[in-house]
Amino acid sequence: MTQAAKPAAEQAWSPLYFLAALGAGGLTVTFFMYLMFWVPHPGQPVPVFEDILAYFTAAGPLGKGMVALALTGIAVFATLHIKLLVWNLRKLAEFKRSDAWAKLHTTNAESQLKGVPLTLAMAVNVGFILGLVFVPGLWSVVEYLFPLAMIAFVAIGIFAFRLLGRFFGRILSDGGFDTHANTSFAQLLPAFALSMVAVGLAAPAALSTTPWVVATSLALATFFMVAATLIAAVMLTLAVVSMVQHGTAPEAAPTLMILVPIVTVLGIAWMRTSHGLHTTLDVPAEAGATFMALTKFLALQILFAGLGLLVMARQGYARRFLSAEGTRSAGSYALVCPGVALSVMLHFWVNKGLVEAGLIAEFGVAYWAFTAPALALQIAMIALVWHLHRLHFAAPRAPRTAAVPAE
């Protein structure tokens, strides 16, 4: 196959293609939300195989259909996530042997490498979901798995900090950070990666009944939450200063919404640590306070999502990068994460906010009215992933030039 006949993703691979695997992993989580909030799971904070089987056996046609759809969605998108992750790791190994690898480490685009630990952390989360819903008896040995999961997340976190240390070490000692090219929120990708590690480390705090496991989870998750928040604040400030002077780089416009997934991930991490503090350390937890916190998270997400969509519309992003005639950009996959994250946050806002605060009745008319946007976003993101996959992984009808990845 000639170079021109190869799919766009093969012609001009960049580390941003890890976001394709990340998006598929995020869609796996959206289907798990069905089981999390619609299937009873007495005895543990999350549904497991036995809960799902018991509900499926007793449910009517609608309940059975929901479970079947959730399990199918989890299986399909988890498989796609793993497939794309393996493909990206293979392409990364090839990329390291090229001249472009050395060049990447001299530009702002070096931050794109943080997509690797970000996606690896998502892979561990996806693996945990697969275990919960498909492996019988997993909960009986889960206390032995929590330390192993924390070791995995810490290893990924160390990997992320090594990449981050190389980047910051270079620009703070030698300079070379191009503020004129910093016209997007792409530099917030490291904060996203550390947030994903934090939410994984926070899971044992919410799920374990072993005090030392909960305490370790709380300490580690808090460390990565603080690091992610600090980096996000610094890089956000630098990016805004550059953008108001030079505008937003058209290809990188989707990164204006990167705070949406960061807020969702950190919000869930906060909820998990709060649950661990309440159940293990007797720290009071109030439904009203949780509702208000989730509402603030959601408001922040809506504001940044609106900002990103506004800029993309003014720059004609869809025509330039999402149409069949447009330029292929790996950064287009950054559009999936905000939609997925907002869908997941809406599920938590409705169930852990409105319902638990007693503001609406579970499964009532208001419940489904507030849940509908989450389902609509999920459907839209599935359609977007399918569309992007056709653009980037199908063989082109005619030779085209792929865009140079945005810094």
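Every number here is computed from the coordinates shown, using simple stated rules; none is lab data. What you see is a predicted model; the values in this text were computed from it and never measured. All Cβ positions, glycine included, derive from the backbone under ideal geometry; neighbour counts span all protein chains shown.
Data overview
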quantity: Listed peptides 217-230, 138-151 by packing density, highest first (mean Cβ within 10 Å); calculated: 217-230, 138-151
quantity: Pairs of Cα atoms farther than 26 Å apart, the chain, %; calculated: 54 percent
quantity: Most to least packed among 88-98, 260-270, 175-185 [average Cβ atoms within 10 Å]; calculated: 260-270, 175-185, 88-98
quantity: Point-to-point label distance, residue 100-residue 215, nm (Cα→Cβ direction, 7 Å offset); calculated: 4.9 nm
quantity: For segment 14-136, alpha-carbon Rg over 2.2 N^0.38 Å; calculated: 1.34
quantity: Dipole axis of the chain (+1 Lys, Arg; -1 Asp, Glu on Cβ), positive-most option in 118, 180, 305; calculated: 180
quantity: Packing-based ranking, highest mean first, of 14-25, 345-356, 273-284, 194-205 given that Cβ atoms within 10 Å are counted; calculated: 194-205, 14-25, 345-356, 273-284
quantity: DSSP H segments from the chain that extend 20 Å or more along their own axis, Cα-based, with Kyte-Doolittle mean of 1.6 or above; calculated: 18-38, 115-134, 189-207, 211-246
quantity: Alpha carbon centroid spacing (whole Å) that separates segment 167-235 from segment 277-321; calculated: 18 Å
quantity: Per principal axis, descending, Cα span of segment 192-311 in whole Å; calculated: 52, 27, 18
quantity: Percent of Cα-Cα distances greater than 14 Å, calculated over segment 128-207; calculated: 72 percent
quantity: Dipole magnitude of the chain, debye to nearest 20 (Cβ charges: Lys/Arg +1, Asp/Glu -1, about Cα centre); calculated: 1160 debye
